[in-house]
1. Reported to two decimal places, what Rg/Rh ratio describes the stretch A:182-278 when computed on Cα atoms with Rh from the Kirkwood expression?
2. Run the numbers for A:S120 and A:L80: contour at 0.36 nm per residue of separation, minus the present Cα-Cα distance, in nm.
3. Normalising by the residue count of chain A, find the relative contact order in percent from Cα pairs under 8 Å and 6+ residues apart.
4. When the expected Rg is taken as 2.2 N^0.38 Å, what fraction or multiple of it is the alpha-carbon Rg of the stretch B:70-127?
5. In what order do A:V293, A:V150 fall by count of nearby beta-carbon atoms within 10 Å, going from fewest to most?
6. How many nm is it between the label spots at A:A15 and A:E312, if each spot is 7 Å from the Cα in line with the beta carbon?
7. So how strong a dipole does chain A carry about its Cα centre when Lys and Arg Cβ are +1 and Asp and Glu Cβ are -1, to the nearest 20 debye?
8. Given a 10 angstrom Cα cut-off, can you work out which residue in A:V58, A:V214, A:V309 is the most mobile in a GNM of chain A?
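No lab work stands behind these numbers, since they all come straight from the coordinates. Since the structure is predicted, the reported quantities are computational estimates derived from the model, not experimental observations. In this analysis, Cβ positions are derived from the backbone assuming ideal geometry, glycine residues included, and neighbour counts consider all displayed protein chains.
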Amino acid sequence: MKIGLPLLAVVALAALAWLGCEYLRLQVLFGVVLPYLALLLFLVGFVYRVVLWGRSAVPFNITTTCGQQKSLPWVKHDRLENPSSTTGAIGRMILEVLLFRSLFRNLRTEKRGARISFGSAKWLWLGGLVFHWSLLVVLLRHLRLFLEPVPVVISGIGAVDGMFQIGVPVLFLTDITILAALAFLFARRVLAPRIRYLSLPADYFPLLLLLGVVISGILMRYAFKVDMLQVKEMMLGLASLHPQLSMSAGSALYVHIFLVSVLFAYFPWSKLMHAGGIFLSPTRNMPNNSRQVRHINPWNYPVQVHSYVEYEDEYREKMRKVGLPLDKEG
Amino acid sequence: MHKGTRIIAFIAVFLIIATMPFLANHGQASADPEVSLDTPAVNEMPVKQCIEPLQDMRSEHMQILDSWRDRVVREGQTTYVNSVGQPYEMSLDETCLSCHSNREQFCDSCHSYSGVDVYCWSCHDGASNNSNGGVE
């Protein structure tokens, strides 16, 4: 059920686009209206979520620290694991985003007899890293369809990605790696009993949707053979806000576009939003400088205080009568 | 908003990256590539017909060329028989480029438009190695 529903949803979405374009000729809907709508939802949703996070309270300095705090000059300071300045925090954030360093520290905990043992568990880190980097390269490669003339950097990425020149059209390495990484991430959820127990439809749906996007893209390149000229004309039309449709580009293209649209529309409202959330994690974006700078909760409201001086002023006579010691003999 | 400047800067950077294709294409009319069939050899043909039907050539020309390369170089075959039984020599220079002698206006116009990096020309010199002499 937890897998079945998302799987059904992705298959139904793909079938919807296929039928809509193949038989109902709804190219305008799937090729223009829905992509624009999805992008709008993506942009608005992303900004909304970021603003929402930006407005929430950060009452304490809660940096996660995994190394020696800045201390006396002869104690070696771990600048990356325990940043004491904003620069250090930025450095750690960059490495976190690019290399997933905190996931690299992932451990497997097992009970062996009466003892608990910890072991290194790097597979999730590796699978995640391969997937995210492949996705980045795939996204950058797609820019050749949106930019005219194609920048040298973009065609260069494509050339490096297809450097083994296997088959025609040239096999892109990232097509293989993204497929392998997604298959691994999916298999991990299905095969590891504890992870399967924890997984929800909201975990399976993005994985299966991404698989749908990747598979439809690969099929479009090798099996259904959409006309690249028409695709580029269409994408340039979309990007210059003068959409021009091609009714003959093949329904496979519209399936791919529709699944990507769903992904974009779904993005800000789901766990995929970790893309923006990572930058707003208080445990990662704050320097650990609580011994140098007092972290004042910016949401503190003014509290009415009654200091001891005021207290003594108020009760001085009574205190003197019962013989209590006074700071100031009034 | 706490640290509002940073939040707004973050949102601005995100919006610029996310809408990059729109910003790059702003106010640009997309010019479709010109695929020219205007060569002496094509103009002389009574029926303008490539070795296979147009639609197949559009989608399959790369596979045809790839299989030609393998069959010529690895298996020593030289003759291709097309779908209506007509024989052609399996040669990019002698067959394809003898009619399409305008590589820049024919091959390159589409390939550079759609950002396809072809490696035909790393061995073949499409500009001058052409027995028909269609191109200087």
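1. On the Cα set of the stretch A:182-278, Rg over Rh gives 1.08.
2. Computed gain between A:S120 and A:L80 is 12.3 nm.
3. Numbers: 350 pairs, mean separation 105.2, N = 330.
RCO, chain A: 32 percent.
4. 1.28
5. On the way: A:V293 10, A:V150 21.
Sorted ascending by nearby Cβ count, the order is A:V293, A:V150.
6. Result for the modelled spin labels: 8.3 nm.
7. 1140 debye
8. Taking springs between Cα atoms under 10 Å, the residue moving most is A:V309.
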